[in-house]
Structures are given as C-alpha cells and as structure tokens.
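Visitor: Structure below; questions to follow.
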C-alpha cells in the first residue's frame, strides 16, 4: 500500500512539473490590411518576444511592389544570456542587429 501511495505521489509530482514547464502565449496581436501591410506581436510566458510589421513599397525598375519588413525578437540562450535582434528585410536583403540585454 505504501508503495502505491509513493508511486501516486511521484506521478502527481511529475505531472505538476510538466504543466509548469509548458510555454504559454501571454500576449498576441495580429493585423492584416487590405493594402498588403501587416503587424503582429506576441510574448510567451518564458520571456520570448517577437514583433514585426511589413508594407508593400515600389521598387525602382520593378513592375510589382516589394515587401519591406522590420521587426525584433528577444530570447534567452542556454547560458541565461538575454538577446534582442532588430532586423529589416527588403530589396536590399536581411539586415539584423544583435544586442545583449
């Protein structure tokens, strides 16, 4: 009987620990506009964050517009160091800037 009680306690402890480790979305926004522009952002319970916006813009010499995107995200590496990456992506390519927080 004692063995059964210990086994049940261990199972319950494992279940509660797993539930606490699950990452949840704590904030989320999303907007898609008829002109092709958009914005979105989210934040997770583990501290990860991301935001991005995009617009269509004319490109010299091109028949169709291109999308220009800018945004950022934050994360913590396995050593506990926090980083923020700000980026722009357009007809000139992807250009990130990384900052330690």
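The values are calculated or read from the model by the stated rules, or taken from the named source; none is laboratory data. Please read all numbers here as calculations on a predicted model, not as lab measurements. Here the Cβ is made from the backbone with ideal geometry for all residues, glycine too, and neighbour counts use every protein chain on show.
Visitor: Residue 61 - would you say it is within 19 Å of residue 23 (Cα to Cα), without any contact (Cβ under 8 Å) to a residue 60 or more places away in the chain and not in a strand (DSSP E or B)?
Guide: Values: within 19 Å of residue 23 (Cα to Cα): no; without any contact (Cβ under 8 Å) to a residue 60 or more places away in the chain: yes; not in a strand (DSSP E or B): yes.
No.
Visitor: Just to be sure before I move on: is residue 90 surrounded by 14 or more Cβ atoms within 10 Å (Cβ to Cβ) and modelled with pLDDT under 95 in the structure I sent?
Guide: Working: surrounded by 14 or more Cβ atoms within 10 Å (Cβ to Cβ): yes; modelled with pLDDT under 95: yes.
Against the criterion (surrounded by 14 or more Cβ atoms within 10 Å (Cβ to Cβ) and modelled with pLDDT under 95), residue 90 qualifies.
Visitor: Is it true that residue 8 is at pLDDT 95 or above and surrounded by 10 or more Cβ atoms within 10 Å (Cβ to Cβ)?
Guide: For residue 8, the condition - at pLDDT 95 or above and surrounded by 10 or more Cβ atoms within 10 Å (Cβ to Cβ) - is not met.
Visitor: Now, a different point. In this structure, is residue 55 part of a strand (DSSP E or B) and at negative phi? Before you say what the answer is, go through the steps one by one.
Guide: Values: part of a strand (DSSP E or B): yes; at negative phi: yes.
Yes; evaluated as a whole, the condition is true for this residue.
Visitor: Are any residues in the range 11-35 over 30 Å from residue 80 (Cβ atoms) and either at pLDDT below 90 or out of contact with any strand residue (DSSP E or B) (no Cβ under 9 Å at 6 or more places or on another chain) (or both), and if so, which ones?
Guide: 11, 34
Visitor: Which of (1) more than 24 Å from the chain's Cα centre (by Cα); (2) modelled with pLDDT under 55; (3) within 30 Å of residue 83 (Cβ to Cβ) does residue 57 not meet, given it meets every other one?
Guide: Failing condition for residue 57: (2).
Visitor: In the set 48, 44, which member is exposed (fewer than 15 other Cβ atoms within 10 Å of the Cβ), at pLDDT 90 or above and within 11 Å of the chain's Cα centre (by Cα)?
Guide: 48
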